[in-house]
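Data block below; observations after.
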Amino acid sequence: MDFIDPVATVALNLPYVIRSRFIFASAHLCHQANHAKQGATWKDEFPLDGEVWFDAADKYGKPWKRYSTFKARLEKVGAKDYQTATHDFRNAYNHRFSPRIVIGISNLVTRRVNKATGSVSYGFGETPALTLLRVVELLETQCDRAHRAFESFQQLVREHEAAIRGDNTASLASIEKASGRTSGV
């Protein structure tokens, strides 16, 4: 347990971390690259870092053709199927009592509220430990999904680069024309 539990705990949390960092990076990059597309109408009205979620990435990524493919692939990282298969490990680990890994049980009592009637019931049982084989299977899938998201992220960045390069080239040509010089670019 001294060797498996800490590594597995970090590994089970990483899909969410990877997803969040991609959201953060894409939102910032799209916002900055929008300056090349919008020119003088661009405004730096980006949310504070602690408020950057998918809605910000969606807002600033909207003008970019490659953003929708990137988002679709990123949404599969740490998605509902992963959360369900891990018994919502990340959320439980950070906010409650997470499922155990290899050995142990958790959640002996579960409180449920019937939404239709408002009645409350308690279920007795347990959440069995996640097996190492199952953890590895789930993480292999997440790794593959993260690689696909990264490929799409690279394509989105290349789209940004092309727009920025075009804007910079046009700006340089305008400056050179105004000054009567040429750079030979």
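The values are calculated or read from the model by the stated rules, or taken from the named source; none is laboratory data. Remember, it's a predicted structure, so these values are computed and weren't measured experimentally. Cβ atoms come from the backbone with ideal geometry, glycine included; neighbour counts cover every protein chain shown. Surface accessibility is based on the protein's heavy atoms, side chains included, excluding ligands, DNA and RNA. Shrake-Rupley method; radii C 1.70, N 1.55, O 1.52, S 1.80 Å.
Per-structure values
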quantity: Scan of segment 98-116 for residues that are over 24 Å from the mean Cα position of the chain (by Cα) and either of a type in the set (Gly, Ala, Ser) or within 27 Å of residue 8 (Cα to Cα) (or both), ordered by number; calculated: 100, 101, 102, 103, 104, 105, 106, 107, 108, 109, 110, 116
quantity: Members of segment 53-75 found to be within 11 Å of the chain's Cα centre (by Cα) and either among the charged types (D, E, K, R) or farther than 30 Å from residue 130 by Cα (or both), listed by number; calculated: 57, 70, 71, 73, 75
quantity: Test: residue 4 is surrounded by 12 or more Cβ atoms within 10 Å (Cβ to Cβ) and in contact with a strand residue (DSSP E or B) (Cβ under 7 Å, 6 or more places away or on another chain); calculated: yes
quantity: Restricting segment 117-149 to residues that are surrounded by fewer than 11 Cβ atoms within 10 Å (Cβ to Cβ) and part of a helix (DSSP H, G or I), the residue that is nearest to the chain's Cα centre (by Cα); calculated: 140
quantity: Single residue of 4, 23, 18 found to be among the β-branched types (Val, Ile, Thr), modelled with pLDDT under 95 and at negative phi; calculated: 4
quantity: Residue 157 vs. criteria open to solvent by less than 30 Å² (accessible area, probe 1.4 Å) and of a type in the set (Val, Ile, Thr); calculated: no
quantity: Matching residues, segment 76-97, being surrounded by 15 or more Cβ atoms within 10 Å (Cβ to Cβ) and either of a type in the set (Phe, Trp, Tyr) or closer than 16 Å to residue 134 by Cα (or both); calculated: 78, 82, 83, 85, 86, 87, 88, 89, 90, 93
quantity: Output for segment 81-109, where each listed residue is in a loop (DSSP other than H, G, I, E, B), touching an Asp or Glu at 6+ places or on another chain (Cβ under 7 Å) and at negative phi; calculated: 108
quantity: Single condition residue 52 does not satisfy, out of (1) β-branched (Val, Ile, Thr); (2) in contact (Cβ under 8 Å) with a residue 24 or more places away in the chain; (3) touching a Phe, Trp or Tyr at 6+ places or on another chain (Cβ under 7 Å); (4) surrounded by fewer than 17 Cβ atoms within 10 Å (Cβ to Cβ); calculated: (4)
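A quick yes/no check of all residues on (1) free of Cβ contacts under 8 Å to residues at least 40 places away in the same chain; (2) within 30 Å of residue 101 (Cα to Cα); (3) in contact with a helix residue (DSSP H, G or I) (Cβ under 9 Å, 6 or more places away or on another chain); (4) surrounded by 13 or more Cβ atoms within 10 Å (Cβ to Cβ):
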residue	(1), (2), (3), (4)
11	no, yes, yes, yes
23	no, yes, yes, yes
26	no, no, yes, yes
29	no, no, yes, yes
36	no, no, yes, yes
39	no, no, yes, no
46	yes, no, yes, yes
56	yes, no, yes, yes
60	yes, no, yes, yes
